[in-house]
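Only one structure is covered here, and it is reproduced in the block below.
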Amino acid sequence: MLKRLIELTYPQGNVEIQVPFGRKRADLVVEQAGSKLAVEFMGPSHFIQQYNRVLNPLARKKEVEQILGYECVVWPYWIQRCSRNVQALFEEDVIGLASVWSTRAHFGDFEIPKAAETIVQISQRFNTFRDNGIGYMYLDEHTAKPVHPIIERIQRGKVTGEKLIPPDNQRDRSFWLPRGLYEDSIG
C-alpha cells in the first residue's frame, strides 16, 4: 500500500521494494527529483516485545543509513499513510499527520529504550506535532475516521491516560493526550 501511495503522489519518482543491503533488506527505496531515501515501515512489534525481543527502530535506521549511504526514514504505524506524509518525506514545509484508528499498541506500552524521545524523533521527520503535541491523533478532527476506542475507555475509567504516555516521559501530559483528557480529573 505504501509503495502505491508513493507512486500516486510522485508519478515521476521511482520506488523499489525489498532492496538488499548486506544480508538484510530495506522495505522501500524511493527516488524523487534527484533525492533518494530508504523507508522502513514499522508496526507495533518494533516498539513492544513480541517473539521474545524488542526491535530498536533507531538502530535499524542507523544500520540502513550506514550501509546504503543515504537517509532512512522510519515510518511508524501511528503516522497516517496518506499523500501528505509522502510529501513530507521530500518537502520540509509539509505538515504531516499522525492518526491511529484501532491499534491496541499505545505509547504507554512501549518497551524500547528512550521511548518518548524516539517517538518524538521519528514523528518530527513528518512534521506531525501541533501546538499542543501529538494527542490529536486519537481524535476525528483531521481525518474521516472515528475517535479511537481507547479514548472512550479512558473517559469511562476502564484505563488511565497513562496508557497513551511513554513510560519514560519527561514532557507535560498534554503533549501526549488529546484535548479533554489532560485534566487531572479525567486522565
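The values are calculated or read from the model by the stated rules, or taken from the named source; none is laboratory data. These numbers were taken from a predicted model, which means no experiment stands behind them. Cβ sites come from the backbone with ideal geometry, for glycine too, and all protein chains shown count toward neighbours.
Quick look at the values:
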read-out: Residue among 128, 118 that alone is hydroxyl-bearing (Ser, Thr, Tyr), crowded, with 16+ Cβ neighbours inside 10 Å and part of a loop (DSSP other than H, G, I, E, B); value: 128
read-out: Residue tally, condition touching a residue at least 12 places away in the same chain (Cβ under 8 Å), over 18 Å from residue 47 (Cβ atoms) and assigned to a loop (DSSP other than H, G, I, E, B), over the range 131-145; value: 5
read-out: Output for the range 64-93, where each listed residue is part of a helix (DSSP H, G or I) and either aliphatic (A, V, I, L, M) or in contact with a strand residue (DSSP E or B) (Cβ under 8 Å, 6 or more places away or on another chain) (or both); value: 64, 65, 67, 68, 85, 86, 88, 89, 90
read-out: Hits in the range 1-22 - residues which are assigned to a loop (DSSP other than H, G, I, E, B) and of a type in the set (Ser, Thr, Tyr); value: 10
read-out: Some residue of the range 15-30 being of a type outside the set (A, V, I, L, M, F, W, C) and closer than 16 Å to residue 122 by Cα; value: no
read-out: Filter result (without any contact (Cβ under 8 Å) to a residue 40 or more places away in the chain and either touching a helix residue (DSSP H, G or I) at 6+ places or on another chain (Cβ under 6 Å) or of a type in the set (D, E, K, R) (or both)) within the range 118-130; value: 127, 130
read-out: Cβ-Cβ under 7 Å pairs, at least 6 apart or on other chains, the range 97-109 side over 14 Å from residue 43 (Cβ atoms) and of a type in the set (S, T, N, Q), far side modelled with pLDDT under 90 and not in a helix (DSSP H, G or I); value: 99/142; 99/143; 99/145
read-out: Pairs where the first residue, in the range 42-67, is farther than 19 Å from residue 108 by Cα and the second is of a type outside the set (S, T, N, Q) and assigned to a loop (DSSP other than H, G, I, E, B), C-beta under 6 Å, 6+ apart; value: 67/22
read-out: Any hit, the range 23-43, residues being part of a strand (DSSP E or B), aromatic (Phe, Trp, Tyr) and within 20 Å of residue 96 (Cβ to Cβ); value: yes
